[in-house]
Amino acid sequence: MAKIYLDPGHGGTDPGAAANGLQEKVLTLKIALKTRDILNRDYEGHSIRMSRTTDKTVSLTARTNDANSWGADYFVSIHINAGGGTGYEDYIYNGSVSNNTITYRDKLHAEVMKQVDFRNRGKKRANFHVLRQSSMPAVLTENGFIDTTADANKLKSDAYLDRIALGHANGIAQALGLKRKSGGGDGKQGYVEVITPSLWTYNTANWDDRAVIVNQGEVFTVARDKFKVGNGYMYQLKSGLYITASTQYVRYYTK
Ligand SMILES: [Zn+2]
């Protein structure tokens with residue numbers, strides 16, 4: 001059972017960076033909770049612990065002590081940058097690190113960059129407490145600049161936070177070799193056929209994150225059985241896209 005420690009930066013009396021009507025502590029918590037939910041929705045064979053799940057003050061020492069005593073396999077700290085740049089970057093400790101630290105970071109970096117259109121600021125190293133004091137592979141991500149208007153506008157979109165979280169979840173899952181949950185129950189492969197003239201698909205499990213239109217008669221392989229999204233249900237398709245599970249629009253079958 002792989003143990004994942006998610007650390008939403010700041011919280012409580014420490015808001016982190018703030019600008020453009022946004023607070024770092026709020027964004028990091030949203031991204032971390034979404035990452036947790038995606039990991040639990042799409043993957044199996046892991047457990048997740050978080051340094052906080054609400055807006056509360058947690059010291060840096062309390063975070064690393066908690067992860068160390070729990071025996072986490074991977075520590076991922078989520079932050080938003082500030083200081084007038086733009087884009088995404090991530091950090092590992094600038095002292096000696098394990099080979100796993102490097103490969104885990106490479107996978108996380110690649111998967112986040114697949115999902116977002118932030119400028120890629122690269123893979124970096126720094127002497128941050130959470131990287132130095134954690135006894136397992138640890139990565140700290142900086143997801144856009146809160147004080148740069150273009151980045152802040154992206155961070156104001158819930159669908160964009162979903163994409164950042166999806167990148168984190170997929171990167172963590174790859175690093176730890178988590179198994180993707182299979183669709184179709186009963187061990188049978190599930191399919192959906194479009195039964196309405198045209199229908200939207202979605203980039204993420206978010207009704208606002210429309211991808212491409214598909215047409216009546218098209219059939220898609222289901223990767224993940226239907227699950228609740230807002231007031232409705234979706235399937236995840238093998239292509240990675242999502243589609244409604246409403247029987248008004250699609251017919252589901254197995255073979
Ligand atoms: Zn921060």
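Stretching the chain fully between K123 and T149 yields a gain of 7.0 nm (0.36 nm per residue, less the alpha carbon separation).
Computed from the C-beta positions of E44 and K156, the FRET efficiency with R₀ = 45 Å rounds to 0.85.
Placing unit charges on the Cβ atoms of the charged side chains and taking the dipole of the chain about its Cα centre, the candidate lying farthest along the positive direction among S157, N170, G87 is N170.
Each of P8, I48, S198 was placed along the dipole of the chain (beta-carbon charges, centred on the mean Cα), and the one lying farthest toward the positive end is I48.
Placing a label point 7 Å from the Cα of K238 along the Cα-to-Cβ direction, the residues of segment 189-230 with a backbone N closer than 11 Å are 189-192, 220-223.
A Cβ-based charge dipole, computed about the Cα centre of segment 190-254 with Lys and Arg at +1 and Asp and Glu at -1, lands at about 140 debye. Of all the options H168, H79, H46, the one that moves most in a Gaussian network model of the chain with Cα springs shorter than 10 angstrom is H46.
Summing +1 for each Lys or Arg and -1 for each Asp or Glu, what net charge is found among the other residues whose Cβ lies under 12 Å from the Cβ of T64? Net local charge, T64 excluded: 0.
Restricting attention to the chain, close to 60% of DSSP beta bridges with both partner residues there are antiparallel. In a simple Cβ point-charge model (Lys, Arg +1; Asp, Glu -1; nothing else charged), the chain has a dipole of about 440 debye relative to its Cα centre.
For the residue pairs K179/K255; K25/K123; K154/K179; K114/K228, alpha carbon separations beyond 28 Å are given by K154/K179.
Relative to the current alpha-carbon distance between I213 and K56, full extension at 0.36 nm per residue lengthens the span by 52.3 nm. Using the alpha-carbon centroid of each, what span in Å lies between segment 178-255 and segment 55-106? Centre-to-centre (Cα) distance: 34 Å. Considering only N20, N120, N99, the mean-square fluctuation computed in a Gaussian network model of the chain, springs between alpha carbons under 10 angstrom, is largest for N99.
Bear in mind that the values in this text are calculations on the coordinates, not laboratory data. Since this is a predicted model, take the numbers as computed values, not measurements. Heads up, the Cβs are rebuilt from the backbone with ideal geometry, glycines too, and the neighbour counts pull from every protein chain shown.
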